[in-house]
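Worksheet for the structure shown next.
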Protein chains: 2
Amino acid sequence: PHAMSPKITVELLRQLRQAMKNSKYITEPIQAYIIPSGDAHQSEYIAPCDCRREFICGFNGSAGTAIVTEQHAALWTDGRYFLQASQQMDNNWTLMKMGLKETPSQEDWLVSILPENSKVGVDPWIIAADQWKNMSKALSSAGHSLVAVQDNLIDTIWEDRPAPPSTKLITLGLKYTGLTWQDKVTALRGKMAERKISWFVVTALDEIAWLFNLRGSDIEYNPVFFAYAIIGISNIKLFVDSKRLLDPAVQEHLELDSPSKPELTIQCFPYESVYTELQAVCAALAPKEKMWICDKASCALTQVIPKSHRSAIPYTPLCLAKAVKNPTEIQAMKMAHIKDAVALCELFAWLEKEIPKGTVTEISVADKAEELRSQQRDFVGLSFPTISSVGPNGAIIHYRPLPETNRTLSLNEVYLIDSGAQYLDGTTDVTRTVHFGTPTDYEKECFTYVLKGHIAVSAAVFPNGTKGHLLDSFARAALWDSGLDYLHGTGHGVGCFLNVHEGPCGISYKTFADEPLEAGMIVSDEPGYYEDGSFGIRIENVVLVIPAKTKYNYRNRGSLTFEPLTLVPIQLKMINTDLLTQKEHDWVNDYHKKCRETIGAELKRQGRKESLDWLIRETQPIV
Amino acid sequence: PHAMSPKITVELLRQLRQAMKNSKYITEPIQAYIIPSGDAHQSEYIAPCDCRREFICGFNGSAGTAIVTEQHAALWTDGRYFLQASQQMDNNWTLMKMGLKETPSQEDWLVSILPENSKVGVDPWIIAADQWKNMSKALSSAGHSLVAVQDNLIDTIWEDRPAPPSTKLITLGLKYTGLTWQDKVTALRGKMAERKISWFVVTALDEIAWLFNLRGSDIEYNPVFFAYAIIGISNIKLFVDSKRLLDPAVQEHLELDSPSKPELTIQCFPYESVYTELQAVCAALAPKEKMWICDKASCALTQVIPKSHRSAIPYTPLCLAKAVKNPTEIQAMKMAHIKDAVALCELFAWLEKEIPKGTVTEISVADKAEELRSQQRDFVGLSFPTISSVGPNGAIIHYRPLPETNRTLSLNEVYLIDSGAQYLDGTTDVTRTVHFGTPTDYEKECFTYVLKGHIAVSAAVFPNGTKGHLLDSFARAALWDSGLDYLHGTGHGVGCFLNVHEGPCGISYKTFADEPLEAGMIVSDEPGYYEDGSFGIRIENVVLVIPAKTKYNYRNRGSLTFEPLTLVPIQLKMINTDLLTQKEHDWVNDYHKKCRETIGAELKRQGRKESLDWLIRETQPIV
């Protein structure tokens, strides 16, 4: 949760600057210390023990890097967080707004303010190898150097730092996964053999969870658990807190006692021993053997592998395999989205009745949404903190309501709710923007541009092999035409009962290195518009990439399009239908017909009569 | 000109492979030799003496790299040239189709076929520094090495290699340039000072021509001349064949005898002495002095600059300054496009009369177009070889008619002409696709999709700071919807009486590193569709980036759009108007109204009555 009053950091910065000169931790003083936002697995969401960047500066958004020098303290974050970061940090901190032309990169900024021959420190476990490389190169070429500080300097001044979590593991059967972990290991080894790779160091938590068909709850919202894996052509080494393997269900699932085949025997090691075990594996490598590691893995672990044996890859084969959902996973994701839509229909029907009473707040809606979701079968938890925002709070892109910011819903302001859940069968992420009174013409106009962008992506047809970033402008064209825009990407990959943000695909103007979209991939489609101080609009569905039927088929490449998995009505009251083309008009009606049929059947089955009435009313065709 | 019968290369390859082992040229034999397509300035179009890649393999398209090993010979080129390259090369050559998923990169291919510890040779003057770096890195990491071969091995086997050209220089006055070369040098020095740069090595021929307001004709179609320049804060060193400076007009223009200010004195050196002179400048550098050089400059020249002094930049300040046309240049470009449109209206009016006679061929139209353009004031030459193609020849994207491929225009086939000229006031590049009989429904359908794509880009409104590559999908959306596409980018920068292709902006899905579009930049907008064996369609205008008026102005960023400079009717007969939206319909009518008014006035002024009648008929509003 983020407070709207800034964290006071004078004393912390003083202590950190002392640590930067303390020979207990470093042989020579460092002139700057970088505090990235990740953990040792470069996770986006992190456990409390890893919230070091928040600890030092107060800003608790999901993305951002802090740098402290002897004189300065600065935080880099992106457009989603400009407002939030400026509210959470005190005057000791400079906010560096990424994506604006005038904002220096971390490297350029360091070079511009550091004295000659400076040393810049960073914890090598927390910085990704590719970031280390870029930063190190930029600093070297300006006469400075990047140094690995083994003791994390934030931890040295963080008195009541929480302990690392070790939650119970959940085993997932074929009904949810479609493939056993043994199938997945075998397929992975096939890809390793194809590329003559003898070992693969798995560091991303969602890749390990997916590979072993296991889930945990070490990190809130992300059903993962702290672990590493080293997969060889005939070895499987799993590094995880050994207490977690005492559970008989886990023992059986992993066949720890009686592996079906020798090459499918899992050797278990304590989590902390990955460093020394990887050293041992590397020491035994034959001259030409190659080892895969993601270039986003930690610098510390990457550098264990001698360069001659290291093959650093931008996306691992597990990341790619995980992104393309199999038929079982697709079916499960569809089921999760049906249940999630039921909960949201319940919520909106309830809101319509409750809001006039004047007692419904951002926080109470978020709580109610969680309660309604938790009534659905196989509910595990939320997939991210609910963004429940009224009026001006909606313009804070990744807002999260707190007691001191909590607004009451009314008939006069736009309400935006971006929420999602984890079910055993899938992960959801949906945003709807609604008005319970009468929206202004301007609000409707903006909403309709956003809707046009949403439809332009959702209904886009594009050749096989197209990267998602090529679709980003489709989402913006209607806004651009009127001089409007939004400062975030349009979509991200979504896991299947896994992280709500996953690679290697997405829809964003910011990257060029995404992997091409393929049938079976699942992404979000979420354009928006934000008017600072007034309101925020976003319309988000999770969509499945499917083959498209086209009139022609150029060079037999085949075409793709999207099928919405999210089936929650889009509020008709917010649409200025005069601005829609016939095609967009038909899209809205088709979408609402599908919502009515699919979610209607489930509401009926669950006996939720009032919500069914609401659904039928909200899915009337527009004329 | 490219012959449709392949060049026989058995003997040449034998000789080259001998040279690759000849200790006269190299100390140790090399196992592969790379033949890039450029010259020492990395020009796209090159002088006959530099056509080494064509000499060795027969393929004469504007882009492509050949690699010869002891066993293999392979050529990489892009989608524009697949057909042409396959026709021009004999069976000794493998065509590597770039952009297709299954095609290996040059690096991957070399690594896959080379014996262990191989040496790969290349002429360091012909390979760009960034390409050298990438290739060298990829080869090293596989145990091979890239070596600079000082003697160009192609030249050693090329018996009648043409001499390097040294044509007369043209001086351009303020009327055309808007700025004196002294103004430009001063502005450049301002940018150098801003970035604390004391020297800048200018290697791109169009940058040198633009900086000094000089033109030449060393390279066909591109009005440039072979030269280098080294600009210091108080020095100007120009490297050019000294005979060219004897011309009194050039002497006066460059103030060689009486410089107005000491820091604007040009020191002239022979072209060849750039290497030793740059060594001398580098030897005298103070410890912290930095020198700019483009990362696309030759490896040979780049490596003269010690790394500690070198600042390699993707786009030079001259490239950026040249891309944003000043008001005088914009006015001049508009004039050039009016004259060019007059010539094309004449051409199409003439074609309508002549085609029924059955005597008009691809070549005769190209000749006629050149004749008509040459009647216009300040005509200098063509800006690229005219693509004049009937029916199936139109599907060869960069086709150029030759006696053995020359087809006769008829009432039954689609005709595509992509042509342009150099005038003292500007450079043109326009493509029109027409039918002189009755097009089929399918031809009209495809044409209309291409037109929709052309309009989508031309009428696009987008925020300041947007990169051109984000607009590429707009050009494809209508084609994609029907399962169609085209395998080339959508637009390139266009010089002002300079190269018809220039950086740093463009509209292509292939790059991420283009510079943002700015008001004053000029690019082409040229989507297409090509049906192998049947027909080709392309609609190309040169368009100027201008500020757009929008209803709102998000974060005061301002918006941009395009204004067509090309004003030549788009054939109405080819349009299926049922497929147009109202907006597209209006765009066509507005465009034709502008063609009629602007070009009509000029046709009237020039007394070209028949063409004026044709123009009026071809610009009737559609209903």
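Just a few scattered comments:
- Listed by position, the strands (runs of 3 or more DSSP E) inside the stretch B:236-344 whose residues that are open to solvent by less than 60 Å² (accessible area, probe 1.4 Å) and under 26 Å from B:Q131 (Cα atoms) number at least 1 are B:236-239, B:291-294, B:310-313.
- For beta carbons closer than 7 Å, sequence separation of 6+ or different chains, a first residue in the stretch A:115-129 that is assigned by the TED database to the domain that holds A:A300 and farther than 14 Å from A:T203 by Cα and a second that is surrounded by 23 or more Cβ atoms within 10 Å (Cβ to Cβ) and not hydrophobic (A, V, I, L, M, F, W, C), there are no qualifying pairs.
- Positions within the stretch A:49-64 being under 18 Å from A:D160 (Cα atoms) and modelled with pLDDT under 95, in sequence order: A:N60
- Near pairs, Cβ below 7 angstrom, 6+ apart or cross-chain, from the stretch A:342-355 (on the phi < 0 side of the Ramachandran plot and in contact (Cβ under 8 Å) with a residue 60 or more places away in the chain) to any residue that is open to solvent by 10 Å² or more (accessible area, probe 1.4 Å) and among the acidic types (D, E): A:V342/A:E602; A:A349/A:E610
- For B:L416, the stated conditions hold: it is within 19 Å of B:G489 (Cβ to Cβ), modelled with pLDDT of 95 or more and open to solvent by less than 30 Å² (accessible area, probe 1.4 Å).
- Here A:H488 fits the description: more than 13 Å from chain B (Cβ to nearest Cβ), more than 19 Å from A:P547 (Cα to Cα) and assigned to a loop (DSSP other than H, G, I, E, B).
- Restricting the stretch A:456-465 to residues that are part of a helix (DSSP H, G or I) and open to solvent by less than 10 Å² (accessible area, probe 1.4 Å), the residue that is farthest from the other protein chains (Cβ to nearest Cβ): A:S458
- Selection over the stretch B:135-150 of residues that are closer than 25 Å to B:E44 by Cβ and at pLDDT 95 or above gives a count of 5.
- Scan the stretch A:506-521 for residues that are more than 14 Å from every other protein chain (Cβ to nearest Cβ), part of a strand (DSSP E or B) and surrounded by fewer than 21 Cβ atoms within 10 Å (Cβ to Cβ) and the total you get is 0.
- Filter pass, A:R596 being among the charged types (D, E, K, R), open to solvent by 20 Å² or more (accessible area, probe 1.4 Å) and within 13 Å of another protein chain (Cβ to nearest Cβ): no
- Given (1) away from chain A (no Cβ under 12 Å); (2) surrounded by fewer than 16 Cβ atoms within 10 Å (Cβ to Cβ); (3) of a type in the set (D, E, K, R), index of the condition B:R555 fails: (1)
- Of all residues in the stretch A:559-579, at least one satisfies being of a type in the set (D, E) and either within 14 Å of chain B (Cβ to nearest Cβ) or open to solvent by 10 Å² or more (accessible area, probe 1.4 Å) (or both).
- Within the stretch B:345-394, the set of residues being in a helix (DSSP H, G or I), among the hydrophobic types (A, V, I, L, M, F, W, C) and open to solvent by less than 20 Å² (accessible area, probe 1.4 Å) comprises B:C345, B:L347, B:F348, B:A349, B:L351, B:I355, B:V365, B:A366, B:A369, B:L372.
- Tallying residues that are out of contact with any Ser or Thr (no Cβ under 7 Å at 6 or more places or on another chain), of a type in the set (S, T, Y) and part of a loop (DSSP other than H, G, I, E, B) within the stretch A:163-192 yields 2.
- Residue list for the stretch A:216-252, filter: over 23 Å from the mean Cα position of the chain (by Cα), within 14 Å of A:K168 (Cα to Cα) and not hydrophobic (A, V, I, L, M, F, W, C): A:D241, A:S242, A:K243, A:R244, A:D247, A:P248, A:Q251
- Against the criterion of being open to solvent by less than 10 Å² (accessible area, probe 1.4 Å) and either under 19 Å from A:L278 (Cβ atoms) or assigned by the TED database to the domain that holds A:I35 (or both), A:V224 does not qualify.
- Scanning the stretch A:193-205 finds one or more residues that are open to solvent by less than 30 Å² (accessible area, probe 1.4 Å) and assigned to a helix (DSSP H, G or I).
- Tally, over the stretch A:540-552, of residues that are open to solvent by 10 Å² or more (accessible area, probe 1.4 Å) and away from chain B (no Cβ under 14 Å): 1
- Taken over the stretch A:18-30, the criterion of being open to solvent by 40 Å² or more (accessible area, probe 1.4 Å), among the small types (G, A, S) and either closer than 17 Å to A:F82 by Cα or not in a loop (DSSP other than H, G, I, E, B) (or both) is satisfied by no residue.
- Taking the stretch A:592-621 as the range and being touching a residue at least 40 places away in the same chain (Cβ under 8 Å) and within 31 Å of the chain's Cα centre (by Cα) as the test, the residues that pass are A:C595, A:T598, A:I599, A:E602, A:L603, A:S611, A:L615, A:E618, A:T619.
- Residue pairs meeting the criteria (Cβ under 8 Å; at least 6 apart or on separate chains; first within 7 Å of chain A (Cβ to nearest Cβ) and under 18 Å from B:C446 (Cα atoms), in the stretch B:466-480; second β-branched (V, I, T) and open to solvent by 10 Å² or more (accessible area, probe 1.4 Å)): B:W480/A:V461
- Residue ranges of strands (runs of 3 or more DSSP E) in the stretch A:45-146 with at least 3 members open to solvent by less than 40 Å² (accessible area, probe 1.4 Å): A:65-69, A:73-77, A:119-122
- A:I537 satisfies every condition listed in (1) buried (at least 24 other Cβ atoms within 10 Å of the Cβ); (2) more than 14 Å from chain B (Cβ to nearest Cβ) except (2).
- With respect to (1) within 14 Å of another protein chain (Cβ to nearest Cβ); (2) at pLDDT below 95, the lone exception for A:G503 is condition (1).
- Candidates B:S611, B:S524 - the one that is of a type outside the set (F, W, Y), in a helix (DSSP H, G or I) and either open to solvent by 40 Å² or more (accessible area, probe 1.4 Å) or out of contact with any Pro (no Cβ under 6 Å at 6 or more places or on another chain) (or both): B:S611
- Of the residues making up the stretch A:16-39, just one is in contact with a strand residue (DSSP E or B) (Cβ under 7 Å, 6 or more places away or on another chain) and aromatic (F, W, Y), namely A:Y33.
- Flag for B:D160 being out of contact with any Asp or Glu (no Cβ under 8 Å at 6 or more places or on another chain), in a loop (DSSP other than H, G, I, E, B) and over 26 Å from B:N213 (Cα atoms): yes
- Any hit, the stretch A:31-42, residues being open to solvent by 40 Å² or more (accessible area, probe 1.4 Å) and of a type in the set (D, E): no
The values are calculated or read from the model by the stated rules, or taken from the named source; none is laboratory data. Just so you know, these numbers come straight off a predicted model, no measurement behind them. Cβ coordinates were reconstructed from backbone atoms using ideal geometry, including for glycine residues, and neighbour counts include every protein chain displayed. Side chains are part of the model used for accessible areas, which takes the heavy atoms of the whole protein and leaves out ligands, DNA and RNA. Shrake-Rupley method; radii C 1.70, N 1.55, O 1.52, S 1.80 Å.
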